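To start, the structure under review is shown below, and the notes come after it.
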Amino acid sequence: MTPRIHVLVVDDETPFRRALQASLVARGFSVEQAATGEQAIEILSQHKSQLILLDINMPGMGGVEACRRIRALIPSLGIVMLTVRDAERDIVQALEAGADDYITKPFRFGELVARLRAVVRRTSTQNGTVTVIQAGELEIDLEKRILRRAGTVVHLTPTEFDLLALLMKNHGTPLTHSKLLRTVWGPEYGQELEYLRAYVKTLRKKIEDDPTQPKYILTEPWVGYRFRNPSDGGSYSPQEGNEISPSEP
């Protein structure tokens, strides 16, 4: 029997929490609830969870601050943020605070389940040293600094290699523009979006079958980029499942 994934759902809307709990339990999750960030921190200090689904807009302690404190409290915990549509600034702040992923309301329940399970897979395999990563036709050797596509070596500049390596090591995780710039180019960078876009464009030309319809390096609008492994069995269709949205005021 597959062990149940334990998730803490944090949202100030009681009907929404209850509906989400019922749906997740039906999919095999073990679920606890919290109405505030403060309550979530108290629960996590006493009980072990693998995941937290955390609303970004709550009274009292906001979701971003709660995320920051929870990440400091439990570095290995998977954190997925719930946001409203068009909240790009909030999403960036949440990712910078340590969130592993985000999903916008209203959302397809199948998409949420896929995101949660993907975060559990990533957090459970982060320990240990990995020197070779495979994704679809791509194979990157981090130690030898070699990229192969369908067995053929692809020439990358040092910066292109560092950028692709960072994306592939964090496959499935949305990385913000500023995190990519600071990590690859240095701490003095963070706002040079056109610079980053130019490098992504050249990378796509080298690794994608059709750079205009990328299957590896996906754009997160207004946020950054996410590397997707097309061979990942955890991929999902946004049309799967029923739509869940917060209750109307």
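The values are calculated or read from the model by the stated rules, or taken from the named source; none is laboratory data. Remember, predicted model here, so these are calculated numbers, not experimental data. No Cβ is skipped: glycine too gets one built from the backbone with ideal geometry, and neighbour counts run over all protein chains shown.
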At least 1 residues that are in contact with a strand residue (DSSP E or B) (Cβ under 7 Å, 6 or more places away or on another chain), crowded, with 18+ Cβ neighbours inside 10 Å and of a type in the set (Ser, Thr, Tyr) in each: list the strands (runs of 3 or more DSSP E) lying fully within the stretch 138-235 that qualify. 174-176, 224-227
The stretch 211-222 residues that are at negative phi and not assigned by TED's automatic domain parsing to the domain that holds VAL92, paired with ones that are part of a loop (DSSP other than H, G, I, E, B) and loosely packed, with under 13 Cβ neighbours inside 10 Å (beta carbon under 6 Å, 6 or more apart): LYS215/PRO230
Determine if the stretch 17-36 includes at least one residue that is touching a residue at least 60 places away in the same chain (Cβ under 8 Å) and either touching a Pro at 6+ places or on another chain (Cβ under 9 Å) or not hydrophobic (A, V, I, L, M, F, W, C) (or both). yes
